[in-house]
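So the structure is just underneath, and the comments pick up after that.
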Amino acid sequence: MTSKQACSQTIEVLEQQFGGREVSFLQGRGGLPYVRLATSKGHSAEIYLHGATLTSWCVESSGEQLFLSDSAIFSAEKAVRGGIPLVFPQFGPGTLASHGFARNRPWHVVESKSNSSECSVALQLEDDEGTRALWPNRFVCRIRYSLSTKLQAEVTVSNTDRQALQFQWAFHTYFKVADIAATSVRGLSGLPYLDNLKSKQSFVDQRALATISEEVDRIYCDAPDIIEVLEHEILSMTIEKNQMPDAVLWNPWAEKSKGMSDLAPDAYRRFVCVECGAIAKPIVLNPGEVFSASMSLATP
Ligand code: BG6
């Protein structure tokens, strides 16, 4: 499907093709379409077709788990500030715009499923004239979000080109926290990290718990597959990643936030980004090969 065809996925057409009791299609902020997943057990999630960005995940017993900036801009040109923006094919700055183009493109829905305990939706982005003008590669990228008591995100990137494909990938998840000063991250102790604030110099984090009391922007390499977010040293979120070696810890803190038009000056106090990805060593796929990775999020 081309992006022209993707645009023809009106809410009515989406509802007819993929809608059901647990899966509905609605018009959201900025007039952009989104899909809402809602289980009979009271869990819900919202995913915009714009960037396939998941903007909300509510757990029945404990409410919203993700941070979404009150000043987030919902427009075709801008990435959403919050939720889970998808980073592809480039992490950070480079020849493409920051974090690549996937988070700014219209994705299209290709599948939805539901049963008594889980519902899911899959969205796809493939190369078109627009992406090839920026990045001359043919690919198909698919993401499936499944909602049960957990939230699972599975990604595949297929190389449909005749040449090798090289890219980075990350789930740029913004976890909502009550107070950044009381937040810590477990699982990064003893790991080498590249410090984005110090020209990517490498250091080792020796702290048992990574706390955040100033701007932090680090790529932890070969991080364990289980990483935990704690509030007041009590577990609030378990992140399980597969086939993504790296984890980024990011919070812009006060000064950096002032320069961000889509983030209120004190909003940095209410989130921490723990991003799972394949970043330090880009993925290389030969023609016909497929990269698969997944992330699962669960509250205690
Ligand atoms: C993080 C990067 O992943 O994303 C930071 O490590 C960057 O360097 C941050 O500032 C936010 O990026 P953006 O493009 O969404 O403002």
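The values are calculated or read from the model by the stated rules, or taken from the named source; none is laboratory data. This one's a predicted model, so the numbers in the text were calculated from it and none came from an experiment. Glycine also receives a Cβ, built like all others from the backbone with ideal geometry; neighbour counts cover every protein chain displayed.
Looking only at residues that are of a type in the set (A, V, I, L, M, F, W, C) and crowded, with 16+ Cβ neighbours inside 10 Å in the range 185-211, which one is nearest to the chain's Cα centre (by Cα)? Per the stated criteria, the residue is VAL185.
If you filter the range 96-129 down to residues that are crowded, with 18+ Cβ neighbours inside 10 Å and closer than 30 Å to LYS258 by Cα, you find that the one that is nearest to the ligand (Cβ to nearest atom) is HIS99. Residues in the range 191-228 that are under 20 Å from ALA178 (Cβ atoms), part of a strand (DSSP E or B) and within 16 Å of the ligand (Cβ to nearest atom): ALA210, VAL216, ILE227.
When only residues in the range 238-261 that are in a loop (DSSP other than H, G, I, E, B) and more than 14 Å from the ligand (Cβ to nearest atom) count, which is nearest to SER189 (Cα to Cα)? Talk me through it step by step, then tell me what you get.
Within the range 238-261, the first condition is being in a loop (DSSP other than H, G, I, E, B), and the residues that meet it are 243-245, 252, 259-261.
Narrowing further to those that are more than 14 Å from the ligand (Cβ to nearest atom): 243, 245.
Values: GLN243: 20, PRO245: 15 Å.
It comes out as PRO245.
Exactly one residue out of GLU255, GLU275, GLU214 is surrounded by 14 or more Cβ atoms within 10 Å (Cβ to Cβ) and of a type outside the set (Val, Ile, Thr): that is GLU275. Counting only residues that are within 13 Å of the ligand (Cβ to nearest atom), assigned to a loop (DSSP other than H, G, I, E, B) and aliphatic (A, V, I, L, M), the range 61-95 holds 4 of them. Counting residues in the range 143-155 that are crowded, with 18+ Cβ neighbours inside 10 Å, away from the ligand (no atom under 16 Å from the Cβ) and over 19 Å from the mean Cα position of the chain (by Cα) gives zero.
Filtered by the rule that a residue be touching a residue at least 40 places away in the same chain (Cβ under 8 Å) and either in a strand (DSSP E or B) or on the phi > 0 side of the Ramachandran plot (or both), the range 115-138 gives CYS119, SER120, VAL121, LEU123, GLN124, LEU125, GLU126.
Kindly evaluate TYR48 against the criterion of being touching a Gly at 6+ places or on another chain (Cβ under 8 Å), away from the ligand (no atom under 12 Å from the Cβ), free of Cβ contacts under 8 Å to residues at least 40 places away in the same chain and over 20 Å from CYS273 (Cα atoms). Don't jump to the end; show me each part of the working.
On the way: touching a Gly at 6+ places or on another chain (Cβ under 8 Å): yes; away from the ligand (no atom under 12 Å from the Cβ): yes; free of Cβ contacts under 8 Å to residues at least 40 places away in the same chain: yes; over 20 Å from CYS273 (Cα atoms): no.
The answer is no for TYR48.
Of ARG103, ARG144, all but one fail to be in contact with a Ser or Thr (Cβ under 9 Å, 6 or more places away or on another chain), modelled with pLDDT of 95 or more and part of a strand (DSSP E or B); the exception is ARG144.
Within the range 207-236, the residues that satisfy the criterion of being touching a helix residue (DSSP H, G or I) at 6+ places or on another chain (Cβ under 8 Å) and of a type in the set (D, E, K, R) are GLU214, GLU215, ASP217, ARG218, GLU231.
Summed over the range 199-256, residues that are closer than 19 Å to GLY82 by Cα and aromatic (Phe, Trp, Tyr) total 2.
Specify which of the listed residues (LYS198, LYS241, LYS258) is touching a residue at least 40 places away in the same chain (Cβ under 8 Å) and among the basic types (Lys, Arg).
Numbers: LYS198 fails: touching a residue at least 40 places away in the same chain (Cβ under 8 Å); LYS258 fails: touching a residue at least 40 places away in the same chain (Cβ under 8 Å).
Just one listed residue meets the conditions, LYS241.
Residues satisfying the criterion are absent from the range 218-226 (criterion: more than 18 Å from the chain's Cα centre (by Cα) and without any contact (Cβ under 8 Å) to a residue 12 or more places away in the chain).
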